[in-house]
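Right, one structure below, let's go through it.
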Amino acid sequence: MPGTAHKDERPGRLAAEDGRRIVAELQEALLPTALPVLPQARIAARYLAAGHEQAAGGDWFDAIPLADGSVALIVGDIVGHGVAASAAMGQLRAVLAELLAAEKELSHALERADAFAAQVPALRAATLALVVLDPAGGSLRYTTCGHPPPLVIGTDGETRYLAGTGTGPLGTGSAPVLAADRLASGELILLYSDGLIERPDQTMAEGMAELAAVAADAAGAPEAQWAHGSHGGHGADPAAAERVCQLTVERLTRVGHADDITALAAQWLADPVPALHLELPSRRPSLTKARDAFAGWLSRLDAAAEDWEALHLAMVEVFTNAIEHAYPSEAPGNVELDAELGNDGYVECRVTDQGTWRPPDPADADRGHGLMVAGQVVDRLLVSHPPQVPAGPAAETGTVAGLKAAARTAVGTTVALRHRLRRPAILASGHRREHAAHPVEPPFAVDTSVAAGATARALVSGPVDITTADKLTRRLLSVSRGGTVPLVADLSGVTQLASAGVRALYAVSEQLAAHGHGLTLITAPGSGAGVVLDLVRLAHVPGGKTAEQEA
């Protein structure tokens, strides 16, 4: 209308969207993106930021394995919203994690956290639900510092709320009080923020009743009803924790949500995945049996894909090393493989032989990569040898010369791998990294051709290890006519590149170089093959571009 001023509201909307994005990104940076994988506790989490930036930022969660084998489950809420609340949340989460690790008594950790909150204005009146689950027997110790009580869901769908401890929010002068309870085998405990039970049109009691009904239904929902279902795992219902977190949050926020939403669930599993033990002859066919058995065992743990792949690659490298180097070819022995998931969330994997240790030769550029690659992709690798006591006078006197002689003749080597397993949490963006459930590997294959410009090409797929590396060498040399024409090898379909495959690529590269030609390797972006080639300093082109295209 004439005389009426029209204000463009788009800049304001864009600023609000930017604010929501900044808070969501800050929350994702401060919240755990992964949860521990434990033998007797299946843990899952879901977080959604509030619908507008002024309301988002106060909720948080954590799951922390403790030194005594128990796990601390935490959901909290900081007073206030936006960036300031997110920053305070990150501070409290870090302090509480440190206190839980340092203090033997849970009550002392809570008392110190309460004192810390009283000294920091941004943390005063923060609410907190903390549950410590002991997987040995399913016992619970918990506190509800001004926070709604956790919900227990039975395998039969029955639900009950834990009794509140009557403790006020942190930093308000109400000393934390601990209570005890117990889970039965297969039961699940859900910690949540008040955004799941507070509605403008219902009472708190009505909200809690609705949450219990929806969560129980989610726990027993068929797999087809949820988008990010898990395929694999252990226990009576390995996907229950994920279903409860995801479906409960989705169903209770269909009409929108004004506050942050947080859900953290843990299912107690009385029967953990048993340890793996194999004893196989030191022959190449044994590697295939070890690969398959270890892959199946790892998949029952349902860890993140990157952890699955790292441990599997490291085991293949170490097992291959034992097959190739532990025993003379005319007198093979046995190689043992043991693996177990500890209460701290770390897999301990050991490959043991009774042969003679031969240190890698640093002068051999294309060999000795196996242990190096294995050590790079897992958290820790340790090579050890059993102590040997020499017979005769040296043993009786314990002379230095006698002990040195024993070391020179010592037999037997154990290579121990240690790696933490994690399971992805679903954060504000709804993004979740896929986790492995024994991925189906394509069979090893090499498809070859020669282009019109006399450039040989090879498309490699499947695992490249000690059982397939010789075939790879033969096929690459065959298509490149013994190295007399340039070769482009596309490794995008390689599911695992072991050190035996690295040696094959080195050999082909040297043969091509002798005739004045080069080997161009193509890898899929972020692939395991690309990581290995970087470690061993073999040039490759990511993203499916040849060297000529990049130039």
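The values are calculated or read from the model by the stated rules, or taken from the named source; none is laboratory data. Everything numeric in this text was worked out from a predicted model, so none of it was measured. Virtual Cβ from ideal backbone geometry, glycine too; neighbours counted across all protein chains shown. What goes into the accessible areas is simple: the full protein's heavy atoms, side chains included, and nothing from ligands, DNA or RNA. Shrake-Rupley method; radii C 1.70, N 1.55, O 1.52, S 1.80 Å.
Just a few scattered comments:
- Restricting the GluC sites (Glu not before Pro) of the stretch 93-124 to loop positions (DSSP other than H, G, I, E, B) with no more than 12 neighbouring Cβ atoms within 10 Å leaves 105.
- In the context of the full set of protein chains, residues of the stretch 258-356 present 35 Å² of accessible surface per residue (probe radius 1.4 Å, heavy atoms only).
- Accessible-area order (highest first, 1.4 angstrom probe) of the listed residues 292, 156: 156, 292
- Of the peptides 39-45, 134-140, the ranking by mean beta-carbon count within 10 Å, highest at the top, reads 39-45, 134-140.
- Within the assembled protein chains, the solvent-accessible surface assigned to residue 204 is about 90 Å², based on a 1.4 Å probe.
- Solvent-accessible area per residue, Å², over the stretch 103-207 with all protein chains present [probe radius 1.4 Å]: 42 Å²
- Loop-located GluC sites (Glu not before Pro) in the stretch 124-206 whose Cβ has at most 16 other Cβ within 10 Å (DSSP): 158, 198
- Cα gyration tensor category, rounded, prolate or oblate, for the stretch 498-542 with a/c compared to 1.5: oblate
- Surface composition of the stretch 484-545: carbon plus sulfur atoms hold 53% of the accessible area, using a 1.4 angstrom probe and ignoring ligands, DNA and RNA.
- Within the accessible surface of the stretch 239-291, defined with a 1.4 Å probe on protein heavy atoms only, the carbon and sulfur portion equals 55 percent.
- Inter-label distance, residue 98 to residue 478: 6.2 nm, where each label sits 7 Å from its Cα along the C-beta direction.
- Of the peptides 324-337, 261-274, the ranking by mean beta-carbon count within 10 Å, highest at the top, reads 261-274, 324-337.
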